[in-house]
Amino acid sequence: MCLALLAYVTGMAIYFVPRNQEMSPTEKTVTVIVAYALVVALWFAMQYREKMRHKREDKE
């Protein structure tokens with residue numbers, strides 16, 4: 001899931017961000033960085049959740 005989201009964010013950054021003339025370059029950069037940060041945070045959250053699931057299964 002994170003890989004698909006990463007591909008989507010990259011595609012949007014490559015295709016739409018340069019074409020948007022209403023945003024300043026700083027806003028464009030911040031938007032892309034925040035999007036990538038959210039994908040990374042989601043990946044870490046999913047890894048943590050998977051680790052907790054394995055711990056729970058090992059206890060049983």
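Go through 30, 9, 40 for me and flag whichever is without any contact (Cβ under 8 Å) to a residue 60 or more places away in the chain, in contact with a helix residue (DSSP H, G or I) (Cβ under 6 Å, 6 or more places away or on another chain) and part of a helix (DSSP H, G or I).
Among 30, 9, 40, only 9 is without any contact (Cβ under 8 Å) to a residue 60 or more places away in the chain, in contact with a helix residue (DSSP H, G or I) (Cβ under 6 Å, 6 or more places away or on another chain) and part of a helix (DSSP H, G or I).
Against the definition (charged (D, E, K, R) and assigned to a loop (DSSP other than H, G, I, E, B)), how does residue 50 come out, yes or no?
No; evaluated as a whole, the condition is false for this residue.
What's the total number of residues in segment 16-27 that are surrounded by 11 or more Cβ atoms within 10 Å (Cβ to Cβ) and part of a helix (DSSP H, G or I)?
Here the count works out to 1.
Readers should treat all values here as calculations from the given coordinates under stated rules, not as data from a laboratory. Bear in mind the structure is a predicted one, so any value in this text is a computation, not a measurement. With ideal geometry, Cβ positions are generated from the backbone for all residues, glycine too; neighbour counts draw on all protein chains shown.
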